[in-house]
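The values are calculated or read from the model by the stated rules, or taken from the named source; none is laboratory data. Predicted model only: the values in this text are computed from it and were never measured. Counting neighbours? That spans all protein chains shown, and the Cβs are built from the backbone with ideal geometry, glycine included. Just the protein is used for accessible areas: all its heavy atoms, side chains included, with ligands, DNA and RNA removed. Shrake-Rupley method; radii C 1.70, N 1.55, O 1.52, S 1.80 Å.
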There are 4 protein chains.
Amino acid sequence: MSNVKAVVLSAYEKPLEMREYPDITSLDAGEAVVRVEMAGICGTDVHLWLGQLAVPLPIVLGHETVGRIELLGAGLDKDWRGAPLAVGDRVCWASSLVCGECYFCRVKRQPTRCTSRKAYGISYCADHGPHLRGGYAEKIHLRLGTAIFRIPESVSTEAVIGAGCALSTAVHGVERCPIEWGDTVIVQGTGPVGLAAIAVAKQAGAAKIIALGAPAHRLELASSFGAAAVINVEGVIDINSRRAAVLHETGPYGADVVIECVGYPEAVNEGIELVRDGGRYLVLGQYANAGNISFNPHTITRKQLTVQGSWGFEPRHVDRALRMLEIREWSAKFASEVTHRFPLSEANAAMETARLHKAGKTVLIP
Amino acid sequence: MSNVKAVVLSAYEKPLEMREYPDITSLDAGEAVVRVEMAGICGTDVHLWLGQLAVPLPIVLGHETVGRIELLGAGLDKDWRGAPLAVGDRVCWASSLVCGECYFCRVKRQPTRCTSRKAYGISYCADHGPHLRGGYAEKIHLRLGTAIFRIPESVSTEAVIGAGCALSTAVHGVERCPIEWGDTVIVQGTGPVGLAAIAVAKQAGAAKIIALGAPAHRLELASSFGAAAVINVEGVIDINSRRAAVLHETGPYGADVVIECVGYPEAVNEGIELVRDGGRYLVLGQYANAGNISFNPHTITRKQLTVQGSWGFEPRHVDRALRMLEIREWSAKFASEVTHRFPLSEANAAMETARLHKAGKTVLIP
Amino acid sequence: MSNVKAVVLSAYEKPLEMREYPDITSLDAGEAVVRVEMAGICGTDVHLWLGQLAVPLPIVLGHETVGRIELLGAGLDKDWRGAPLAVGDRVCWASSLVCGECYFCRVKRQPTRCTSRKAYGISYCADHGPHLRGGYAEKIHLRLGTAIFRIPESVSTEAVIGAGCALSTAVHGVERCPIEWGDTVIVQGTGPVGLAAIAVAKQAGAAKIIALGAPAHRLELASSFGAAAVINVEGVIDINSRRAAVLHETGPYGADVVIECVGYPEAVNEGIELVRDGGRYLVLGQYANAGNISFNPHTITRKQLTVQGSWGFEPRHVDRALRMLEIREWSAKFASEVTHRFPLSEANAAMETARLHKAGKTVLIP
Amino acid sequence: MSNVKAVVLSAYEKPLEMREYPDITSLDAGEAVVRVEMAGICGTDVHLWLGQLAVPLPIVLGHETVGRIELLGAGLDKDWRGAPLAVGDRVCWASSLVCGECYFCRVKRQPTRCTSRKAYGISYCADHGPHLRGGYAEKIHLRLGTAIFRIPESVSTEAVIGAGCALSTAVHGVERCPIEWGDTVIVQGTGPVGLAAIAVAKQAGAAKIIALGAPAHRLELASSFGAAAVINVEGVIDINSRRAAVLHETGPYGADVVIECVGYPEAVNEGIELVRDGGRYLVLGQYANAGNISFNPHTITRKQLTVQGSWGFEPRHVDRALRMLEIREWSAKFASEVTHRFPLSEANAAMETARLHKAGKTVLIP
């Protein structure tokens, strides 16, 4: 029986290591083995590598993955949408699995806050069988209950990985903090989540989208995704000038909706000033705990704001993201985010590329 | 022609002065003169006296007022609800007047953020005719367009003043941040806004209300208003102990809705920790700019919170507040808040009483 | 091994028969056997007996049941809320089981419209093992996935059966067609669903509830449940007089919310006239297909109405219903609905009692 | 002083007459006189001409009008949005004026149900001065409080009239019955309201729009407006075949949202069958009372539907409609609806053209 290669993080900030795990030849009911075709390197992976979020080590990273079904456990004959599922099908899946039984899953219908939620590439120690629980590997083992999606032929693997977890995150965020058609929307940040937020805002009928971000090549992507105006935050460093530049685009009262996709805590203070009175602010990018800011809560009362948080996503948001990718235009745009490809054996170079933000999206191709 | 006495603030933190202004004997269309029966001293008045909010000086304070119609301008023959209005009727009114024409009034339907909103007792300089634009006076002059409400016989003047602007504020706040029947609700603060929030939460079907406040006599009021549990913040000073005491009442995940009615900025950090994941936080008490806190925006994303601000109120919230006071039980409870009565000539003693939080509600009776 | 007695409907409109089925001594994982303490006869059971809804015959009727756990399958150690579950516990359960996988369960989150939903006492043929799938029996067998609720000590069996499926139905209906606190609400019908709707409206803060129903003893219940005014539809037969009587209570424009809990199709035309323009109409009682009415759709456009349907309920509505019954006042009121008790052997007399609407709630006590 | 020509309906189904009224040379505060550039003939005008809606006779018809300001009363120096207003400006306006004071305007915020709402071209008898209260005339006199909009240069008069009252009606309807981005939407009817509904659905991010209508030239318009599939109701007369054709496009469960823009009452029965369970049905086209249908209310309960009515529109919907027309693509599409132009003197030929549905939009050019 041959072994399966996987890239493992065994110590923070240390080089990733190639390891081999026993191949999986038998499955319990509802499980699957997928041969990985492409794995995205998400900004979160960089945070994990830097040790900014606690994970069990060693770990096979990778929560953005496309592959082909190699083995199907008993009873697993349909994907999440009810479409037939067979060996050889190209699939992706919701990276998290929830219990469906806890207070948040059941009573409050907030499954992303499930008390025992686990994510591939984030929550599983590679020392425990079946080991292969992340996308940076030749194969991945999917648990009973994983929301698997057969990818339509018309949607390329690059589009799915280019969209990554960012698109599902944005779909979920905008569900919680709705954009009405005709709204003016500001998106702070032009990383993957920012671009996805622009795309969702565009799709939801935003009348005008203004993007704040950097560097230049990301702003070009932002424009191509639908931003009518882009402001280079590296070019306009002074907060007041930046604010003036934004209000020049929105009119004097600011935007109906502002979506934070930056991650630096201080962005929240900048963003909240850009929302019109009575408007909505979606705090989507503060996924990691990056520390405190000096904040004036009077602003929330006085401006009569709605400030909304959103965490991760549910399978139905992946469903909606994939349906969006079935629109050729979006599929092409998201695919265009993928700029750098590495084999598993060059995972460290890939991680470094992603870390330096030189690239669009960096991916591993086992 | 006799003069009209009014209590005027002419310099911050200085004693209020009794002044006299010419009586008003003729009115333009839609205006009214009301003889004041009772004027509440609101916590905001104390802030104004301390100079914590900029107002034009000199000023006749007083935005919580009940009186009887003395003069009616042409065409003013119905109250806001369409009920006939006549000289001698006992009335109150929405303290603010909006333009109805600006971006916030018209396009965004956020009239409390009207760009030219003006409030009796807050926005008018007493040096300008007709001078009498506040409730700390024998008479008050109401502008065209003021939302006047004839008070039903069954609702006592004490009930209306006891409820004050706090009840309308709470009605508005809960409209923006809805309580579902069956929700667990925490109210931070047991001042007038806190008690009103408890009342509205109770009326809206909250299954359990927990109040955090002080001192003891306010907590007794909180219990009588419907709080099933009260926690004395002076008795439990340690934040962690306080949190434990609250979670003992709510269960381990916190409350569905937390309503901040404190005004100290730091209360926001305490309150936000008490909301269950996916819950709602209403920032209702940060009316004055009381400075910054050290705040972690990651909490909003991770807990998937809705943080909602609400500013002042509209006439329809006064309407709803008055309808609530038509329920005998509420009328009696709010009337019980009024504990200290002073004549106009003792306005300084009244202000001092209010400032030291010794009283329930302090009122002036001209 | 002893047998288990069950009351079976084997032909529409024919007497129910007592049958015996083999006792169940072993269970698969997640299953349970419950010894029935009380089974409610729901209006729907009468419809089933009359053949107005197609069901598989023979059938053990009964979808409102309270009993004590006799056997627990492997892994079933917690109830739906996560509370520990043990042999001897008094329980009830959501009568329907959904697949959790179909388009309505997953993508649209409308599980009550699950394409393969099955209900105890309604969907299972008694000829197929394990036979015992209805409440009119000494024991009932619960499938894997049934949402079981341990009943708190403070809530009597009479309260749970008195509330029956009606309360969960009303909880769900009002979730879809929200009552804002302060709303005026009309409830059409004073059967179990009507009373439950009154209770939920009251709990949700309705300012005034008007009930239309009959006969007198049901109207007395309606008053005790919180209706401020009751109109005897047998006493006021003329539609226009009835409308006048209602508007006398609501004011000239009608009610903010009208809830139909009647079941006769013609009630919809009467009810829709009683909603104020821009108000909401909840069609909750048209559970059976009772035929067509002559209807003018112009009314919906002109009155700018929201007409809302609601079908059955989900486990979380049972959860909420039970929490409502933990309020002593509601528990007592719902228990008071139970007026007639019969042993299994007198099931035909019980059905007859229910059919003639002579009773409050009729129950079987095995 | 010269006279002003106007086209008057003095008896139902009789030829329109050209009359002359005295010119208006002085105005009260807030009033305006507008020289008409183009007046649309709305389907409602045909209904009025046929006597299907009661109006005061004689009447100057015309509620879709664009013209240039000729006179401005004192104080009228800004349009509804606050933009400066001057003689010579090209403008349109909300056709209805509401009181702002009644129960529906104030308490319930349903101004389209204002108890004293009046519409230009519909509610004013031409015998009463100032006579000129409809668009089929050389000039129109606008009352104090009319919501006037200065038309941006980039938006052609044809676009505004092509959109007509239909676009504002659709904007309002979709506000009450929201389309979520990604929804599948069916539009019944391809008249002006149907096309506008397609446009709004498209703009709001509908994933797929299916239009049912006739004749062929309207279906071509529907396609150009964004319908991905069109079904010719004249070609597929059998209801079951039609349903099958629609479900072929939507999938087996029907659409998330169906918008009725037909006006024939029977369309409601067809449409309601096309909504998926748990979906929304907007009854937008039943503006006139066109009689009853045989209807089964059980459908609403069982399918768990939301059926929503919407009546007319408010100024803010006109605002939003105009902002939509600032998008070049929409402006061009709506302008393309205008196919037939007549001078005032040929108003009868114009009315006949509109009545026979031969045209796109028929307009009068004074």
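With a 1.4 Å probe on protein heavy atoms only, tell me which residues of region C:74-93 lose at least 40 Å² of accessible surface in the complex relative to the chain by itself.
Buried-area filter returns C:Trp80.
Kindly write out, for region A:10-17 in residue order, the coupling ³J(HN,Hα) from the Karplus curve 6.51 cos²θ - 1.76 cosθ + 1.60 (θ = phi - 60°), rounded to whole Hz, with x marking Gly and Pro.
10, 8, 4, 6, 9, x, 5, 10
Let a ≥ b ≥ c be the square roots of the eigenvalues of the Cα gyration tensor of region C:1-156; is it rounded (a/c under 1.5), or, if not, prolate (a/b larger than b/c) or oblate?
Judged from the Cα gyration tensor, region C:1-156 comes out oblate (a/c at least 1.5, b/c at or above a/b).
Under 5 Å between amide H atoms, partner at least 5 residues away or on a different chain: which partners does C:Ile231 have, H built in plane at 1.01 Å?
C:Ala211, C:Leu212, C:Gly213
Suppose we keep just the DSSP beta bridges with both residues in chain A; what percent of those would be antiparallel, to 5?
So the antiparallel bridges in chain A amount to around 55 percent.
Place +1 on the Cβ of every Lys and Arg and -1 on the Cβ of every Asp and Glu in region D:178-309, take the dipole about the Cα centre, and give the residue among D:Tyr264, D:Ala201, D:Ala245 whose Cα lies farthest towards its positive end.
Positive-end residue among those listed: D:Ala201.
Using the heavy atoms of the protein chains and a 1.4 angstrom probe, tell me the accessible area per residue for region B:1-81 in square angstrom.
Ligands and nucleic acids excluded, the result is 43 Å² per residue.
Using all alpha carbons of region B:178-309, what is the percent of pairwise distances in each 5 Å bin, ordered from the shortest bin to the longest?
2, 12, 23, 26, 22, 11, 3, 0
Please list, short to long, the whole-number percent of alpha-carbon pairs of region A:169-213 in consecutive 10 angstrom bins beginning at zero.
In whole percents, the pair-distance histogram is 33, 61, 6.
Could you pull out which residues in region A:180-211 have an amide N less than 19 Å from a spot 7 Å beyond the Cα of D:Arg109, following the Cα-Cβ vector?
Residues A:180-184 qualify, since their backbone N sits under 19 Å from the label point.
How big is the antiparallel share of DSSP beta bridges in region A:153-236, given as a percent to the nearest 5?
Percent antiparallel among DSSP bridges in region A:153-236 is about 0.
Over the alpha-carbon set of region B:102-209, work out the extent along each principal axis and list the three values in angstrom, largest first.
Computed over the Cα atoms, the extents are 51, 38, 26 Å.
Over the Cα atoms of the protein assembly as shown, each weighted equally, I'd like the Debye log10 I(q)/I(0) at q = 0.04, 0.07, 0.08 Å⁻¹, rounded to two decimals.
Debye intensities relative to I(0), on a log10 scale: -0.27, -0.87, -1.16.
Between region A:248-303 and region B:250-308, how many Å separate their Cα centres?
16
Compute the long axis of helix A:239-250 from its Cα atoms, compare it with the longest principal axis of the Cα atoms of chain A, and write down the angle in degrees, 0 to 90, nearest 10.
Tilt of helix A:239-250: around 90 degrees.
In deg cm²/dmol, rounded to 500, what helix-only [θ] at 222 nm does chain B give when every DSSP H run of at least 4 residues adds -39500 (n - 2.57) and the total is split over its residues?
Result for chain B: -8500 deg cm²/dmol, rounded to the nearest 500.
Return the long-range amide H neighbours of B:Val275 (sequence gap of 5 or more, or a different chain), with a cut-off of under 5 Å between placed amide H atoms.
HN-HN under 5 Å from B:Val275: B:Ala255.
With r as the distance between the Cβ atoms of A:Ala54 and A:Ser294 and R0 = 22 Å, compute the FRET efficiency 1/(1 + (r/R0)^6) and round to 0.05.
Working from the Cβ atoms, E equals 0.25.
Within 10 Å of each Cβ of D:101-108, how many other protein chain Cβ atoms are there on average?
Across D:101-108, the average partner-chain Cβ count within 10 Å equals 5.
Could you give each residue of region D:158-168 its phi-based ³J(HN,Hα) in whole Hz, using Karplus coefficients 6.51, -1.76, 1.60 with θ = phi - 60°, and x for Gly or Pro?
4, 5, 5, 6, x, 5, x, 6, 5, 5, 4
D:Ile327 label points, 7 Å along Cα→Cβ, one per copy: pairwise distances from this copy to the rest in nm, shortest first?
1.0, 4.5, 4.6
So which of A:Lys139/A:Lys361; A:Lys303/B:Lys303; B:Lys303/D:Lys303; B:Lys333/C:Lys303; A:Lys208/D:Lys358; A:Lys208/D:Lys139 end up more than 31 Å apart, counting from Cα to Cα? Provide the component values of the computation, followed by the final result.
Values: A:Lys139/A:Lys361 21 Å; A:Lys303/B:Lys303 22 Å; B:Lys303/D:Lys303 34 Å; B:Lys333/C:Lys303 38 Å; A:Lys208/D:Lys358 38 Å; A:Lys208/D:Lys139 37 Å.
Distance filter (> 31 Å) returns B:Lys303/D:Lys303; B:Lys333/C:Lys303; A:Lys208/D:Lys358; A:Lys208/D:Lys139.
For B:Ser241, place a label point 7 Å from Cα along the Cα-to-Cβ direction in every copy; what are the distances to the other copies, in nm, shortest first?
List, nearest first: 5.3, 6.9, 8.2 nm.
Express the Stokes-Einstein translational diffusion coefficient of chain B in µm² s⁻¹, to the nearest whole number, given a Kirkwood radius over alpha-carbon pairs, 20 °C and a viscosity of 1.002 mPa s.
Calculated translational D: 102 µm²/s.
Indicate the residues belonging to region D:166-211 that lose 50 Å² or more of solvent-accessible heavy-atom surface (probe 1.4 Å) upon moving from the chain alone to the assembly of all protein chains, ignoring ligands and nucleic acids.
Residues of region D:166-211 that lose at least 50 Å² of accessible area once the other chains are added: D:Trp181, D:Gln203.
About the Cα centre of region D:178-309, how large is the charge dipole given +1 on each Lys and Arg Cβ and -1 on each Asp and Glu Cβ? Please answer in debye to the nearest 20.
140
Keeping all protein chains in the complex and leaving out DNA, RNA and ligands, what accessible area do you get for D:His340 with a 1.4 Å probe, in Å² to the nearest 10?
60
Restricting to the protein assembly as shown, what percent of DSSP beta bridges are antiparallel, rounded to 5?
Percent antiparallel among DSSP bridges in the protein assembly as shown is about 55.
Quick one: work out Rg over Rh on the C-alpha atoms of region A:1-77, Rh as Kirkwood radius.
My calculation puts Rg/Rh at 1.03.
Compute the separation of the alpha-carbon centres of region A:53-129 and region D:117-173 and state it in Å as a whole number.
Each part reduced to its Cα centre gives a spacing of 58 Å.
Which value, in Å², gives the accessible area per residue of region D:178-309 when a 1.4 Å probe is used on the protein heavy atoms? All intermediate terms of the calculation are to be shown ahead of the outcome.
Numbers: 4100 Å² over 132 residues.
On a per-residue basis, 31 Å².
Interface A/B, total buried accessible area with a 1.4 Å probe, nearest 100 Å²?
Numbers: alone 15970 and 15930 Å², together 28140 Å².
In total, this chain pair buries about 3800 Å².
Considering only protein heavy atoms and a 1.4 Å probe, what is the carbon-and-sulfur percentage of the accessible area of chain B? Let's see the in-between values first.
Details: 6520 of 12970 Å².
Carbon and sulfur: 50 percent of the exposed surface of chain B.
In region D:178-309, if the dipole is taken from +1 on Lys/Arg beta carbons and -1 on Asp/Glu beta carbons about the Cα centre, which of D:Thr306, D:Ala227, D:Leu282 is farthest to the positive end?
Result: D:Thr306, furthest along the dipole toward the positive end.
Under a 5 Å amide H to amide H cut-off, with H placed in plane at 1.01 Å, what residues pair with B:Gln308 once short-range neighbours are removed?
Sorted by chain and number, the residues that satisfy this are A:Val307, B:Tyr281, B:Leu282, B:Val283.
Nearest 10 degrees is fine. How inclined is helix B:315-325 to the longest principal axis of chain B, computing both from alpha carbons?
Once rounded, one gets 70 degrees.
What are the ³J(HN,Hα) couplings of region A:265-272, residue after residue, when phi is run through the Karplus curve with 6.51, -1.76, 1.60 and θ = phi - 60°? Round to Hz, x for glycine and proline.
Those phi angles translate into x, 4, 4, 5, 5, 5, x, 5 Hz.
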